[in-house]
1. Which values of log₁₀ I(q)/I(0), to two decimal places, follow from the Debye formula for the range A:231-297 at q = 0.16, 0.29 Å⁻¹ with a uniform point scatterer at every Cα?
2. Can you work out the accessible area per residue across the range B:7-85, with the rest of the protein chains kept in place, probe 1.4 Å, in square angstrom?
3. Principal axis lengths of chain B from Cα atoms, whole Å, largest first?
4. Treating cross-link reach as a plain straight distance, find the lysines whose alpha-carbon is under 16 Å from the alpha-carbon of residue A:223, omitting any fewer than eight places away in the same chain.
5. Pick from A:244, A:44, A:150: which residue has the top mean-square fluctuation in a GNM of chain A where Cα pairs under 10 Å get a spring?
6. Using DSSP loop states and a limit of at most 12 other Cβ atoms within 10 Å to flag trypsin sites (Lys or Arg not before Pro), what is the longest stretch of chain A containing no flagged site?
7. Which angle from 0 to 90°, rounded to the nearest 10, does the C-alpha axis of helix B:2-21 make with the longest principal axis of chain B?
8. Measure off, as a whole percent, the carbon and sulfur share of the 1.4 Å-probe accessible area of the range B:64-139, all protein chains present.
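The values are calculated or read from the model by the stated rules, or taken from the named source; none is laboratory data. All figures in this text were calculated on a predicted structure; none of them were measured in a lab. As a convention, Cβ positions derive from the backbone with ideal geometry for all residues, glycine included, and neighbour counts pool all protein chains shown. Note: accessible area is taken over every heavy atom of the protein model, side chains too, but ligands, DNA and RNA are not part of it. Shrake-Rupley method; radii C 1.70, N 1.55, O 1.52, S 1.80 Å.
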Amino acid sequence: MSAVPALRVRDLRKTYKNGVEALKGVSLAVEAGDFFALLGPNGAGKSTLIGIVCSLVKPSGGEVEVFGIDAFRQREQALALIGLVPQEMNFNQFETPFEIVRNYAGFFGVPKREAEARAERWLKELKLWEKAHQPSRALSGGMKRRLMIARALVTEPKLLILDEPTAGVDIEIRRSLWEFLRRINGEGITVILTTHYLEEAEQLCRQVAIIDGGRIIEHTSIKQLIAKLDVETFVLDLAEPLAAPPVLSEKLVLRLSDPQTLEVEVPKAAALNQVFADLSAQGIRVISMRNKANRLEELFVRLVDGGAKDAA
Amino acid sequence: MRLELIAFLTIARRELRRIVRIWGQTLVPPAITMALYFIIFGKLIGERLGPVGGHSYIDFIVPGLVMMSVITNAYGNVSSSFFGAKFGRYVEEFMVAPLSPLTLLLGYLAGALLRGVLVGGLVLIVALFFTRLSIADLGVTLLALIAAALIFGLAGFINAIYAKKFDDISIIPTFVLTPLTYLGGVFYSVEMLPSPWRELSLVNPILYLVNAFRYGMLGTSDVSLGMAFLVMILGTLALGAMALALLHRGVGLRH
């Protein structure tokens, strides 16, 4: 791992003209080669932070370095290293995907012929080549999002920043985008993504920062974050329906999400086989079991709620 | 330096492609409008008028009408294209790219120049159907045409920077540009005006552009050529400095 972080943000502040204080002294570091998640509720300051890093928003104070380059004093050198996939569509819908990607490479100084070769490569990688010469306004939502990823990658960035890249796309496309992002991260590109899908962060990212109310309230590894969960929820599929949740140990919280699906909150210290033994003793047969997928969501809500209470 | 050149050429090519793609909005209307001017003012009315500045009326108005087309179209090209980029948010493609504000500005000015030259050339071709054209000084003609496209391309760019809605890019052309053009000696010689209108006309910068271009084509002008070029140089420098300062400060672009 390189000693110079891909991104270092120190005491970043932003107060908009209307008085809204979007960032209240944010500091974080993203190691080179990392897959980093920036999580936070709407209005937490995620997009403002990304906007300042990518020169779209003027900072009110603080510092940003991209691979050791001062993003404010050496703006052009820093921007040359970044690929941005914004949340909102921001390409000319009258142009074709090929024109959009090729021109974008040109804005970064890639010569025309090389830009065309790269545009072809990335549009093929993102499965858009068949639509390459049609007006981009005719693309589906998922295709438009992939087009913005192809556009960001055509400049061969060392740091790829994606703002909600899978918002509004179907599950199949989301999974294929995850695979794609894993692959390009494996090729050495540092990836930062903001997402509302906490499962996405858990599946893809190694490090995470949670931002709320313009402040970083957590900055750690996904593993350590999940380790903070002192309770884990399991979903049990039952052989026969139940009228009411059974009563087991006092430490366990049980609820029926439907007559044949039982959710059990198990403290980390508790043994899971005791749960099964107790259920068997009451004649309840379990067919299958899985972790509840949104365990990170539980923690996230707890952290954000805690932050809100602290702020109050 | 190489990066800036490639970025400049990319923007200029994109602007040219836009002009050609929407040719029905960019190239045809000025040709039709000017053909009507030539028919009505040049032929139907002009043939009943005596010579102006030593030339037949239609010969006198050709340079002015060419310049009027160049001014209007250079302004409109940059204001609509750059504001369209802001409105559609694809101006962000430039803002996150490592190109300098000067390169961005020059790219859009190249678009203004291309549209100005294309429209100016078309209007001259249309004029050939009504009169014989002459060029007294090719260098002055070209310089005046380039200066007009650059000055009004810069003005259109500044308008687009401040604009928040499409109405904002039509106010200046309607209430400032059109009156100044009509009062800038396109259809008459300022020598024909009584005082104080004659003196007042001298503060209109378009008068100098029209007359420099008319000098290039016909060899006659209401103002001195030196003064005309001074106005063009000062206009380009002042508006260029203003546009660059606005871009550096991120006015209308970065919050």
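1. After summing over all Cα pairs, the log10 values are -0.48, -1.61.
2. Per residue, the range B:7-85 has an accessible area of 39 Å².
3. 59, 37, 35
4. A:268
5. In the Gaussian network model the winner is A:244.
6. A:74-227
7. The angle comes out at about 60 degrees.
8. Accessible surface attributable to carbon and sulfur in the range B:64-139 totals 72 percent.
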